[in-house]
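The values are calculated or read from the model by the stated rules, or taken from the named source; none is laboratory data. Computed from a prediction, not measured in an experiment: that's the story for all the values here. Positions of Cβ are backbone-derived with ideal geometry, glycine not excepted, and every protein chain shown enters the neighbour counts.
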Amino acid sequence: MPSALSTDLYELTMAAGHYGAGTHSRATFELSVRSLPRNRGYLVAAGIEPALVYLEGLGFTEADIEYLRQIPQLRRAPAGFFDDYLPGFRFSGDVWAVAEGEPVFPNEPLLRVTAPLIEGQIVETALLSTVLFQTSVASRASRMVRAAAGRPVFEFGARRAHGAEAGALAGRAAFIGGCSGTSDVEAGLAFGLPLAGTMAHSWIMSHDSEQEAFIRFIDMYGDRTVLLIDTYDSERAVDRIAAAGLAPFGVRLDSGDLLAESRAIRARLDAAGLPGTRIFASGDLDERRIAELVGHGAPIDIFGVGTALSTSSDAPALGGVYKLVEVDRDGLVQPVLKLSRGKGTYPGPKQVWRVADRGAVTHDVLARDREPPPGQGRALLSLVMRRGRRLRPGPPMQEIRDHALRAVEVLPAGVVRLDEPTVYRVVVSDGLVRLTEDLRLRMHAVAG
């Protein structure tokens, strides 16, 4: 998990500045995504539960504080900031969040923090990195799972992830997005995920013969074994499997023309009396390649995806923001907004209502948090943390995954297609529009 130092320096310089000014007012921040990556029609929220765990355990150690004293930019900070404030620092705020696995769209808050201003500021960096990375991976996984049309997809990308921690978190996020499991053992332990793995080419190459390598592996691991068959020649490898009387659960192809290879291997397995042996395909796959293989009728039963998932290679960074939307000034709670061109925000705490018609989702309504619900709308944000403590444990991972699969399935068909998706309709409520315009006019009057 990130530590209290998992933050940008300016969060701490601002915190020390607020402390020195005696600012102890409460404020509300919201985390959202400004826009969708190209060719993406939706996102799948993930990383919420790890973010709450981070908030609940947050604190500065003596070593952390001693290090901060030495930073040149903080040397003029009040002594009490280091001696009194940071040693007792704990997150004491309230958090509202969408459920993990929920589809989300631009400008909709995934997470809302109401806390003393200093606390809300310090946690910005860690919350953004935790939620946005996992949301990016879960969203890509959802596209791949849909492209596979019911065939299992496993996440195999730990070795290509941007660090071991990212590899484990990518496994978690991919499972939320609909993957059937991960190859990352740490993710399996930490999050209770199903694990999958076969063998590497080095296993084959370290034996005197391919057949010996197959026999030794299946003798050890039995009828659930998946044998890698493309180290030398995949069709001849099937002949060796049959000649040895082996009946593996599956064989894996990791290179070459997967459409032609899978057809040839399926025919050879069937001819050898192995119709129940599955074909597992991996090797530089993504959602478009999977969709192409499925569309051409490739007899592939299971897909393994690495780099494209663990790095979300087509959109490795989401344009997410964590913005102040409300602040208590001298006992008066005031909504605030940002007017920067292209980076403007809506003011005040907000709720998102998802509206459906006969079970099919039609649109969302972005509204002020105290506005009445729009007809049959379902509120997406709920209170998950009060005074720095979670209200309940996070749901089991399988439950989160099931929710994501169901929630994506009822989105409009055009929104979830792979290429040139339609834009999902997010309506801004009349109350939020009026508040925004009133604040704009007031701020322009003050500036003018």
Original post:
What are the residues in the stretch 285-299 that are without any contact (Cβ under 8 Å) to a residue 60 or more places away in the chain and part of a helix (DSSP H, G or I), if any?
Top reply: Arg289, Glu292, Leu293, Gly295
**OP:** Can you confirm whether the stretch 80-100 contains a residue that is within 18 Å of Val137 (Cβ to Cβ), touching a His at 6+ places or on another chain (Cβ under 9 Å) and surrounded by 15 or more Cβ atoms within 10 Å (Cβ to Cβ)?
**Re:** yes
**OP:** Scan Gly320, Gly273 and give me the residue that is of a type outside the set (Val, Ile, Thr) and touching a strand residue (DSSP E or B) at 6+ places or on another chain (Cβ under 7 Å).
**Re:** Gly320
**OP:** Taking Thr114 as the residue in question, decide whether it is in contact (Cβ under 8 Å) with a residue 24 or more places away in the chain and touching a strand residue (DSSP E or B) at 6+ places or on another chain (Cβ under 8 Å).
**Re:** yes
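Just checking, does the stretch 94-116 include any residue being in a helix (DSSP H, G or I) and touching a Ser or Thr at 6+ places or on another chain (Cβ under 9 Å)?
As a first pass, look at the stretch 94-116 and keep what is in a helix (DSSP H, G or I): none.
No, the stretch 94-116 has no match at all.
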**OP:** With respect to Leu259, determine if the residue is under 22 Å from the mean Cα position of the chain (by Cα) and at pLDDT 95 or above.
**Re:** no
Original post:
If you go through the stretch 329-387, how many residues are modelled with pLDDT of 95 or more, among the β-branched types (Val, Ile, Thr) and closer than 30 Å to Leu55 by Cα?
Top reply: 3
Original post:
Given the structure, is Val131 more than 24 Å from Ala99 (Cβ to Cβ), modelled with pLDDT of 95 or more and among the β-branched types (Val, Ile, Thr)?
Top reply: no
**OP:** Keeping to the stretch 296-336, report how many residues are under 15 Å from Leu132 (Cβ atoms) and surrounded by fewer than 16 Cβ atoms within 10 Å (Cβ to Cβ).
**Re:** 3
Original post:
What are the residues in the stretch 113-146 that are within 18 Å of Thr7 (Cβ to Cβ) and among the hydroxyl-bearing types (Ser, Thr, Tyr), if any?
Top reply: Thr125, Ser129, Thr130
Original post:
Considering Leu339, Leu405, Leu441, Leu411, which residue is under 30 Å from Thr182 (Cβ atoms) and either in a loop (DSSP other than H, G, I, E, B) or without any contact (Cβ under 8 Å) to a residue 24 or more places away in the chain (or both)?
Top reply: Leu411
**OP:** Being free of Cβ contacts under 8 Å to residues at least 40 places away in the same chain and surrounded by fewer than 12 Cβ atoms within 10 Å (Cβ to Cβ) is the filter here, so list the residues in the stretch 342-363 that pass it.
**Re:** Gly342, Asp357, Arg358
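Of the residues Arg240, Arg224, Arg252, Arg278, which is out of contact with any His (no Cβ under 7 Å at 6 or more places or on another chain) and over 30 Å from Met397 (Cβ atoms)? If you could, list the steps in order and put the result at the bottom.
Values: Arg224 fails: over 30 Å from Met397 (Cβ atoms); Arg252 fails: over 30 Å from Met397 (Cβ atoms); Arg278 fails: over 30 Å from Met397 (Cβ atoms).
It is Arg240.
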Original post:
Regarding Arg159, is this residue surrounded by fewer than 16 Cβ atoms within 10 Å (Cβ to Cβ) and basic (Lys, Arg)?
Top reply: yes
**OP:** Can you give me the number of residues within the stretch 20-36 that are over 13 Å from Gln121 (Cβ atoms) and of a type in the set (Lys, Arg)?
**Re:** 1
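From the set of residues in the stretch 38-56 that are out of contact with any Ser or Thr (no Cβ under 8 Å at 6 or more places or on another chain) and surrounded by 13 or more Cβ atoms within 10 Å (Cβ to Cβ), which is nearest to Leu111 (Cα to Cα)? Give the steps one after another, and end with the answer.
Here is the first cut: in the stretch 38-56, the residues out of contact with any Ser or Thr (no Cβ under 8 Å at 6 or more places or on another chain) are 38-39, 48-49, 52-53, 55-56.
If we keep only those that are surrounded by 13 or more Cβ atoms within 10 Å (Cβ to Cβ) too, we end up with 39, 48-49, 52-53, 55-56.
On the way: Asn39: 24, Ile48: 8, Glu49: 11, Leu52: 10, Val53: 14, Leu55: 13, Glu56: 15 Å.
For the stretch 38-56, the residue satisfying everything is Ile48.
Restricted to the stretch 251-284, and to residues that are assigned to a loop (DSSP other than H, G, I, E, B) and among the polar types (S, T, N, Q), which residue is nearest to Gly306 (Cα to Cα)? First the steps, then the outcome.
Here is the first cut: in the stretch 251-284, the residues assigned to a loop (DSSP other than H, G, I, E, B) are 254-257, 272-277, 282-284.
Adding the requirement that they be among the polar types (S, T, N, Q) leaves 255, 277, 282.
On the way: Ser255: 13, Thr277: 23, Ser282: 8 Å.
In this case the residue turns out to be Ser282.
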